[in-house]
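So the structure is just underneath, and the comments pick up after that.
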Amino acid sequence: MNDSKAFRQCLGKFATGVTVVTCTDATGNPCGITANSFSSVSLQPPLVLWNIAKVSHSLEAYLNAAHFAINVLSAAQQPLSAQFARSDHTLFTGIEYALSSDGAPIFAGSLAVLECRTHQIHDCGDHYVIIGEVTAFHSSDGNPLLFYGGKYRSIEK
Ligand SMILES: Cc1cc2nc3c(=O)[nH]c(=O)nc-3n(C[C@H](O)[C@H](O)[C@H](O)COP(=O)(O)O)c2cc1C
């Protein structure tokens, strides 16, 4: 199976939400990456996962981070998704955020936030699977940002 474009198109038939996964790197700089590979894994203990591409400029930060946060985006936060899908080391310029008690950036207006302790990291093909143990979480009502067929969608459309 070497038709990667068709494979991506096929995977794009699975509608997902959109998250920005954040951490602080070894020098104290905030990091954020848009990710729709988020998934729940276990309720007891509470575990979640996401995948990061090995080519990501932020890879070392996430592989070394003891903690990270998953910000589940609302439809109104689509600009945040676009911002953190860019390869740019000044991604946080002009963006308001708070820090979790473990130092991961949190965005006001997120539909849900899951603060995680890095639990396991698995080397899988061209990605690493990062599994986190959830140490704190909160959620609110609102319209989710969705991603389907390579495009942003929302429930109202
Ligand atoms: C909707 C959407 C979902 C994405 N999901 C992931 C993902 O799960 N894992 C990942 O590594 N990259 C994902 N990306 C791509 C990264 O956001 C993007 O490649 C990255 O921010 C580029 O910067 P970097 O190379 O410095 O990491 C996604 C992009 C978009 C727009």
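The values are calculated or read from the model by the stated rules, or taken from the named source; none is laboratory data. Because the structure is a prediction, the values reported are computed rather than measured. In this analysis, Cβ positions are derived from the backbone assuming ideal geometry, glycine residues included, and neighbour counts consider all displayed protein chains. Side chains included, ligands, DNA and RNA excluded: accessible areas come from the protein's heavy atoms. Shrake-Rupley method; radii C 1.70, N 1.55, O 1.52, S 1.80 Å.
On the principal axes of its alpha-carbon atoms, the range 60-119 has extents of 30, 25, 16 Å, going from largest to smallest.
Rolling a 1.4 angstrom probe over the protein heavy atoms with all chains in place gives the range 1-47 an accessible area of 67 Å² per residue. For the range 86-125, the average shadow cast by the Cα convex hull is 4.7 nm², which is a quarter of the hull's surface.
Report the Stokes-Einstein translational diffusion coefficient (µm² s⁻¹, integer) for the range 29-157, Rh taken as the Kirkwood radius over Cα pairs, at 10 °C with viscosity 1.306 mPa s.
Rounded to a whole number, D works out at 104 µm²/s.
The ratio of the alpha-carbon radius of gyration of the range 1-84 to the globular-protein estimate 2.2 N^0.38 Å is 1.21.
In this structure the amide hydrogen of Ser74, modeled in the peptide plane, comes within under 5 Å of the amide hydrogens of Leu111, Leu145, none closer than 5 places in sequence on its chain.
Computed from point charges on the beta carbon alone (+1 for Lys and Arg, -1 for Asp and Glu), the dipole magnitude for the range 21-157 about its Cα centre is near 360 Debye. Relative contact order, whole percent, for the range 44-129 stands at 43, derived from Cα pairs under 8 Å and 6 or more residues apart. Taken over the chain, lysine pairs spaced eight or more positions apart, or on distinct chains, with alpha carbons under 21 Å apart number 5. Here the range 19-80 exposes an accessible surface that is 58 percent carbon and sulfur, computed with a 1.4 Å probe and the other protein chains kept in place. Across the options Thr19, Ile121, Ile155, the greatest Cα extent toward the positive end of the charge dipole of the chain (unit charges at beta carbon of Lys, Arg, Asp, Glu) belongs to Ile155. Derived from the Cα gyration tensor, the three semi-axes of the equivalent ellipsoid of the range 91-157 are 23, 20, 14 Å, largest first.
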